[in-house]
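Below you'll find the structure, written out as structure tokens, and then a few comments.
The values are calculated or read from the model by the stated rules, or taken from the named source; none is laboratory data. Source: prediction; values computed, not measured. Positions of Cβ are generated from backbone atoms using ideal geometry, with glycine treated the same way; all protein chains shown enter the neighbour counts.
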Amino acid sequence: MAFTITVNGKTHSVDVDGDTPLLWVLRDVLGMTGTKFGCGTALCGACTVHVNGVPTRSCVTPVDSVGSSKITTIEAIGSTPAGAKIQKTWLDREVVQCGYCQSGQIMSASALLASNPRPTDSEIDDAMSGNMCRCGTYVRIREAIKQAAQSTGQGG
Ligand code: FES
Ligand code: FES
């Protein structure tokens, strides 16, 4: 069945079963491989995208549930104000180790900063608690989020 979805400001018609996870549509149909597959069961956060600005696990999001929502992926998050700040401080703080989880980390962090320009430590922990990193970059992630918040005065 054909579905029209909006990803990073562009509409795409995709011919897949309605229960196909959005993650597979992004990666296998649209060729956007920045969003990663980790667990496939909403437990690790590697597949996080934004659906109307809300961090969402694309591995458990059927494409037929998306409708006309605006989907944003790691490929375009740098063009949003919060995403650009997060990506800059991620580089400044050298957050990344193996990198596998980092698309999802950046998507969750960007959503946090966009909705809460000055998050407390506990708010950061809450927002990031669903994103696992087996390399243990959690301390640098928190530092990078705090630096991004301080650099703005307003998250954007
Ligand atoms: S791959 Fe979706 S949460 Fe792990
Ligand atoms: S940087 Fe390796 S899993 Fe997070």
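Some observations on this one:
- In region 87-108, the residues that are part of a helix (DSSP H, G or I) form Cβ pairs under 9 Å with partners that are surrounded by fewer than 14 Cβ atoms within 10 Å (Cβ to Cβ), at six or more places apart or across chains, as follows: Lys88/Ser151; Thr89/Ser151.
- Within region 83-93, the presence of at least one residue that is among the β-branched types (Val, Ile, Thr) and touching a helix residue (DSSP H, G or I) at 6+ places or on another chain (Cβ under 6 Å) is confirmed.
- Qualifying residues in region 128-141 (those that are touching a residue at least 12 places away in the same chain (Cβ under 8 Å) and under 16 Å from the mean Cα position of the chain (by Cα)) - the one farthest from ligand 1 (Cβ to nearest atom): Ile141
- Consider region 72-86 and keep the residues that are more than 16 Å from ligand 1 (Cβ to nearest atom) and in a loop (DSSP other than H, G, I, E, B). The one that is farthest from the chain's Cα centre (by Cα) is Thr80.
- Arg118 being modelled with pLDDT of 95 or more, charged (D, E, K, R) and over 24 Å from Asn52 (Cα atoms): no
- Some residue of region 131-150 being modelled with pLDDT under 95 and either β-branched (Val, Ile, Thr) or farther than 27 Å from His12 by Cα (or both): yes
Every residue, every condition in (1) closer than 18 Å to Ser115 by Cβ; (2) surrounded by 15 or more Cβ atoms within 10 Å (Cβ to Cβ), yes or no:
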site	(1), (2)
Val25	no, yes
Cys39	no, no
Gly45	yes, yes
Val49	yes, yes
Ser69	yes, yes
Glu75	no, yes
Gln87	yes, yes
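- Screening the candidates Ala144, Ala127 for the property of being more than 15 Å from Thr89 (Cβ to Cβ), in contact with a Ser or Thr (Cβ under 9 Å, 6 or more places away or on another chain) and away from ligand 2 (no atom under 12 Å from the Cβ) yields one hit, Ala127.
- Residue tally, condition away from ligand 1 (no atom under 16 Å from the Cβ) and surrounded by 24 or more Cβ atoms within 10 Å (Cβ to Cβ), over region 96-119: 2
- Selection status of Arg93, touching an Asp or Glu at 6+ places or on another chain (Cβ under 6 Å), buried (at least 17 other Cβ atoms within 10 Å of the Cβ) and of a type in the set (D, E, K, R): yes
- In region 36-63, the residues that are at pLDDT 95 or above and hydroxyl-bearing (Ser, Thr, Tyr) form Cβ pairs under 7 Å with partners that are within 6 Å of ligand 1 (Cβ to nearest atom) and assigned to a loop (DSSP other than H, G, I, E, B), at six or more places apart or across chains, as follows: Ser58/Cys47.
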